[in-house]
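None of the figures in this text is laboratory data; all of them are computed from the coordinates on show. All of these numbers come straight from a predicted model, not from anything done at the bench. When we count neighbours, we look across all protein chains shown, and the Cβ atoms used for this are built from the backbone with ideal geometry, even at glycine.
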Amino acid sequence: MKYPGAMLSEIWRHLIKKPATVLYPLERPQIPENFRGKIEYYDDKCIRCGLCARDCPSGACTMKKFEEDKKPRPVFDLGMCLFCGQCAEVCPKDAISLTKKFEFSTFDKSSLIVE
Ligand code: SF4
Ligand code: SF4
């Protein structure tokens, strides 16, 4: 460093500055308005068009046929999801939304399936 005094002034500046981080989880972070978190899927709105699965870049969204359904419906694997929001963007019926929920780390992979 050219001027050692510059380092001291930098240290002093950061001592009196408000911290840039929060003491999570003791302190709750402010979630931005357009945050893309955990996916929610509303089956009653879905028309089974398959656009969400077609446009998903990671393969996290796939169409799956269940016994009780005539047509396959989307299933989301949050373990593979990039949270890009493409599925919600392309859905013509607003059957998918990306919520502000972000605390879903788990040891049980099956809890990351949204259907
Ligand atoms: S948010 Fe992106 S990666 Fe995740 S399921 Fe939707 S399209 Fe796929
Ligand atoms: S894009 Fe929307 S309406 Fe079409 S299958 Fe996916 S969730 Fe259902």
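Summary table below
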{"item": "Cys49-Lys101 pseudo-label distance in nm [points 7 Å out on the Cα-to-Cβ vector]", "result": "2.5 nm"}
{"item": "Cysteines in the chain that, by Cβ-Cβ distance, have no pairing candidate under 4.7 Å", "result": "Cys46, Cys49, Cys81, Cys84, Cys91"}
{"item": "Förster radius 30 Å - calculated FRET efficiency between Glu68 and Glu40 (Cβ-Cβ, nearest 0.05)", "result": "0.90"}
{"item": "With Cα atoms, 0 to 90° folded angle of helix 4-16 axis to the chain main axis", "result": "60 degrees"}
{"item": "Calculated diffusion of the range 29-114, Stokes-Einstein form, Kirkwood radius summed over Cα pairs, 25 °C and 0.890 mPa s, µm²/s", "result": "183 µm²/s"}
{"item": "FRET efficiency estimate (nearest 0.05) - Cβ-Cβ, Leu23 to Ile113, R0 41 angstrom", "result": "0.80"}
{"item": "The chain - mean residue ellipticity at 222 nm from DSSP helices (-39,500 (n - 2.57) per run, n ≥ 4, rounded to 500)", "result": "-5500 deg cm²/dmol"}
{"item": "Cβ-derived FRET efficiency at R0 35 Å, Gln30 paired with Glu10, nearest 0.05", "result": "0.85"}
